[in-house]
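First comes the structure, then the notes that go with it.
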There are 2 protein chains.
Amino acid sequence: MTDISIAQSVILPPIKEAAARLGIPEDDLEPYGRYKAKLPLHLIAPEKIAAAKLILVTAITPTPAGEGKTTVSIGLGDGLSKLGKKVVVVLREPSLGPVFGAKGGATGGGHSQVSPMVDINLHFTGDFNAVEKANNLLAALLDNAIQTPNHPLRIDPRTVLWKRCLDLNDRSLRQTIVGLGGKANGVMRSDGFNITAASEVMAILCLATSLPDLKAKLGNILVAFSYANEPIYARQLQAEAAMTILLRDALKPNLVQTLEQTPALVHGGPFANIAQGTNTVLATRMGLSLGDYVVTEAGFGADLGAEKFLNIKCGYAGLAPAAVVLVATVRALRHHGGAPAAELNTPDLARCERGFANLAKHIENIQKFGYQPVVAINHFVTDTPEEVALVQQLCHARGVEAVLSTSWAEGGAGAATLAEAVLANIAKGTNHLRPLYAWDQPVKTKIETIAREVYGAVGVDYTAQAEADLRRIDRLGLAGLPICMAKTQKSFSDNEKLINRPEGFRVTVRECELAAGAGFLIPILGTLVRMPGLPPVPASAGMEIDDDGVITGLS
Amino acid sequence: MTDISIAQSVILPPIKEAAARLGIPEDDLEPYGRYKAKLPLHLIAPEKIAAAKLILVTAITPTPAGEGKTTVSIGLGDGLSKLGKKVVVVLREPSLGPVFGAKGGATGGGHSQVSPMVDINLHFTGDFNAVEKANNLLAALLDNAIQTPNHPLRIDPRTVLWKRCLDLNDRSLRQTIVGLGGKANGVMRSDGFNITAASEVMAILCLATSLPDLKAKLGNILVAFSYANEPIYARQLQAEAAMTILLRDALKPNLVQTLEQTPALVHGGPFANIAQGTNTVLATRMGLSLGDYVVTEAGFGADLGAEKFLNIKCGYAGLAPAAVVLVATVRALRHHGGAPAAELNTPDLARCERGFANLAKHIENIQKFGYQPVVAINHFVTDTPEEVALVQQLCHARGVEAVLSTSWAEGGAGAATLAEAVLANIAKGTNHLRPLYAWDQPVKTKIETIAREVYGAVGVDYTAQAEADLRRIDRLGLAGLPICMAKTQKSFSDNEKLINRPEGFRVTVRECELAAGAGFLIPILGTLVRMPGLPPVPASAGMEIDDDGVITGLS
């Protein structure tokens, strides 16, 4: 059975029943159809947040298909529910780029899915669209100011930092020229589009702690410089109120359910290789207000998602996980152990053992943050018992619990052992968040700390452009912001070919962008695109919808 | 009081109560919040459509602010409700371009508004976004095919007809170059963006009669030509199923209410100067299935909106209005009579009488279609009784009823006389639709008929480009499609400076586009942009949202 056919075979109770189980009165629900609802921010209760337990799910360095963090997160949520715990799963929203490209959606898999799967993977409640419109309104206002004769801001069109965005994989939009065609059509300049998940507006939506905070952050976006080299912020274009108006509903967390009726908040969706890679602060805080346990995930491997979650999001949100789950797959260990793509599903104990070095490094990293992780082995049908036993044995030798999760095939029942292991891990009371750096350290110190401690690099090099960017950041007084590294998810290093646990490598900061609104600095390591392309045969070619509206081929 | 403050002062009952009054069971509602809902297509009942009465509201040649067709339509709907009739108002959705630009939203005004005003004027239920994504997915698939080595379609990038779109006023995107930056970033070519309301996908959504019809029409979009000069349609890119999946929910009409609780379907929003300018066929048919009377409108003046409604939409939808209401304002008559912008609000009987020639020509045009129109004088506070009496007298002299509508100030009560006049007009039984041309006539004959009969032109000229376009249309076997003229809304002619009733002029077809999916030909008269620009001080600069989310400055 495919994910979509499993999803379509389950009839869920209306969302108002899920809300009622969380104690949310029907009057507080803003339904979007029968199975989705937005929730008002007044449901966030600070006194409950402090008492609830946050469980962060992260992963080893992934293969292109991903290692199933979302599937494990949902399974773990359902598993905790089965143990009688009041739990809320809190996840990111999918982007349409991967849905129509190669990777597919982001609603989990098998019997561990959030539902309605098709809706969530398409437009859902319109949040991505609202981000896109706010981003592009700012771009239009900026170009309109450039176009207006004698505009007081005197924006230099050669300095524009702000790009337009679109939530699709569309490589042709990476580098464009706009404003062609003469005086009526604007001022010609170099431009480009990011995918919406890579927009600073998405990052802002996910870090905002309230509506006024959202507006303030939007106003702080740095968009360009004047001819006098003074920074131009979005607030100088009087853009932030209109942008906030566009994002008014998008700021409210979305309530859905897992196939086993565990409540789930699915809200916000920044990528983890170029942004913070985790759902909104408001959804996390709301989940902690509504449940005793919140299971959440951070994108890609722990070197990206977990590092940013623990160093950035926790700082801004005033949160600290009670436990960290590290998802590994036998498939990915074979990959890191040297299996070519064609042999990823071929059992191979030797490759597994060699590839364990990748998992070991992630374990060490999580320990540096003050946590003893629980390893969740996300089970695939091609795994042999010997391979699973080997991974468990290697983990146990390091004092780390490693549990098989079969929630893809069995739902929450397949994650019951994992749920128990996580509860036991929390009960020990030994996990205490230790951020790796202090935000007020020098920028290069912060970057080096991440590169050395998390990636295992022996040093950091800076291009002339990066040095200039750092000087600009100093000049603007923004060196005290945390670091949001932009790096390939395929390697600890900035070279995607260096899989497993590379050593002795240096990383290069090519440039350093400034997300003055979101509140972080973005050192860009290696080459990295913010607008993916479609594969030669896109997923869209395999999709169908029949005369009754039944969809197939969406994954 | 502003429109938004009036709208915010009215507390409406939940949308499920409005639905219940129409006999729609709650299980059929897909709520979007408490005051909006999507309705399933199975509510369309052909046997009821035939018995219900459709009332088309159109207008004289408008000033830039518009003459209040939407306000009159809503007022007339409320007025008919007050007379005990079961009525549904069926309207277009607003575009964000005018909302943040100059003109504002499209939810009516004063006490004749559809609600929730802010939601409808912003993202509403996501329909515009779905159109945009479907449009842009097709563009990405097209560029991806061009990028793919040895792609079997062998698309010539110099022939691409399909543009990307964005629902904002953004002149810098009118003409662009995409695909810059080397092999990985696509094939460099000339491109551009339309505003979403001008996308053929919007036109298709609004003409589709069912989900399978939507998919077939999307597949028929002509996007480019091959190096062998063969046409490339969207279906050859396997795009239509994925596009239909994106539009699955957008195809369902949206139910809201007027401030006086008359049910309203607000669905689809093509512009009337470059597309058909009226809401979806499905919403009109659903309105006629749910009510005994449907009040609907077609954009801009009757030379654009009504002509296309009666020649195109009625043909595709199998519909014919029972009555036509022609909205006029004293302000606009002063304008056509020669008042400069600064004196539009200055009473002037002589200018009014001179400008009546514009209204007279629209009356004659409606009569050519087989209708005796009812003129609705949309009352402004600056009108004098003498001016209103003059307009009425000039109409009566032509045997046409002219009624003052004060629904902006008074709601439905202010349109009671208009409602009675419309009912009396229908009761005469003398209105019978006579389309102005047969679709199977030669293309030039069809174009000439509209230009001579509706615009009053003495002839039509064709550029060499237009002649080439017409030959291509013949070669593709599509000459039998109806005509959707693209022309300025400010004049009967193709020169916006020729106000009132110009005579002796010729019009020039600059080029002739082909909407093979939507099913019409688009002769472009004069210069016309499909992507508006923002004014020097955009409306967004005057918007505010306070800490509680209360919005001001949106109109």
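The values are calculated or read from the model by the stated rules, or taken from the named source; none is laboratory data. Quick caveat: nothing in here was measured; it's all calculated off a predicted structure. Note: ideal-geometry Cβ built from the backbone for every residue, glycine included; neighbour counts use all protein chains shown.
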Hey, does the range A:510-518 have a residue that's touching a residue at least 12 places away in the same chain (Cβ under 8 Å), closer than 16 Å to A:Phe271 by Cβ, in a loop (DSSP other than H, G, I, E, B) and not assigned by TED's automatic domain parsing to the domain that holds A:Ile204? yes
Residue list for the range B:99-124, filter: more than 8 Å from every other protein chain (Cβ to nearest Cβ), part of a loop (DSSP other than H, G, I, E, B) and of a type outside the set (Lys, Arg): B:Gly101, B:Ala102, B:Gly104, B:Gly105, B:Ala106, B:Thr107, B:Gly110, B:His111, B:Pro116, B:Phe124
Name the one entry in B:Leu478, B:Leu436 that is crowded, with 16+ Cβ neighbours inside 10 Å and over 22 Å from the mean Cα position of the chain (by Cα). B:Leu478
Yes or no: B:Gly104 over 27 Å from B:Thr382 (Cα atoms) and surrounded by fewer than 20 Cβ atoms within 10 Å (Cβ to Cβ)? no
What number goes with the only condition from (1) surrounded by 24 or more Cβ atoms within 10 Å (Cβ to Cβ); (2) over 30 Å from B:Ala140 (Cβ atoms); (3) in contact with a Lys or Arg (Cβ under 8 Å, 6 or more places away or on another chain) that A:Gly268 does not pass? (2)
Which of the residues that make up the range A:27-37 are touching a helix residue (DSSP H, G or I) at 6+ places or on another chain (Cβ under 9 Å), outside any loop (DSSP other than H, G, I, E, B) and at the interface with another protein chain (Cβ under 10 Å from one of its Cβ atoms)? A:Pro31, A:Tyr32, A:Ala37
What's the total number of residues in the range B:322-379 that are small (Gly, Ala, Ser) and under 17 Å from B:Gly301 (Cα atoms)? 8
Looking only at the range B:223-251, and only at residues there that are more than 10 Å from chain A (Cβ to nearest Cβ) and of a type in the set (D, E, K, R), the one that is surrounded by the fewest Cβ atoms within 10 Å (Cβ to Cβ): B:Glu230
Give me the pairs, please: first residue somewhere in the range A:3-27 and free of Cβ contacts under 8 Å to residues at least 12 places away in the same chain, second residue anywhere and charged (D, E, K, R), beta-carbon distance under 9 Å, and either six or more positions apart or on two chains. A:Ala20/A:Glu26; A:Glu26/A:Lys16; A:Asp27/B:Arg34
Which condition breaks for A:Arg154 when tested against (1) over 27 Å from the mean Cα position of the chain (by Cα); (2) facing another protein chain (nearest Cβ under 7 Å)? (2)
Hits in the range A:476-520 (condition: out of contact with any strand residue (DSSP E or B) (no Cβ under 9 Å at 6 or more places or on another chain) and under 30 Å from A:Thr159 (Cα atoms)): A:Gly477, A:Gly480, A:Gln489, A:Ala518, A:Gly519
Return the residue satisfying two criteria in turn: it lies in the range B:509-528 and is over 29 Å from B:Asp213 (Cβ atoms) and surrounded by 17 or more Cβ atoms within 10 Å (Cβ to Cβ), and of such residues it is nearest to the other protein chains (Cβ to nearest Cβ). B:Arg510
Looking only at residues in the range B:54-69 that are among the hydroxyl-bearing types (Ser, Thr, Tyr) and assigned to a loop (DSSP other than H, G, I, E, B), which one is farthest from the chain's Cα centre (by Cα)? B:Thr63
Members of the range B:368-397 that are buried (at least 20 other Cβ atoms within 10 Å of the Cβ) and aliphatic (A, V, I, L, M): B:Val374, B:Val375, B:Ala376, B:Ile377, B:Val391, B:Leu394
Leading residue by the ranking (nearest to the other protein chains (Cβ to nearest Cβ)) among those in the range B:157-170 that are under 26 Å from B:Arg472 (Cβ atoms) and among the charged types (D, E, K, R): B:Arg164
With respect to A:Ile499, determine if the residue is assigned to a helix (DSSP H, G or I), more than 14 Å from chain B (Cβ to nearest Cβ) and either at pLDDT below 95 or touching a helix residue (DSSP H, G or I) at 6+ places or on another chain (Cβ under 7 Å) (or both). no
Report, by residue number, each residue of the range A:529-543 that is surrounded by fewer than 17 Cβ atoms within 10 Å (Cβ to Cβ) and either touching a residue at least 12 places away in the same chain (Cβ under 8 Å) or within 8 Å of chain B (Cβ to nearest Cβ) (or both). A:Val529, A:Pro535, A:Pro536
What is the residue count in the range B:171-222 for residues that are assigned to a strand (DSSP E or B), more than 19 Å from the chain's Cα centre (by Cα) and within 14 Å of chain A (Cβ to nearest Cβ)? 7
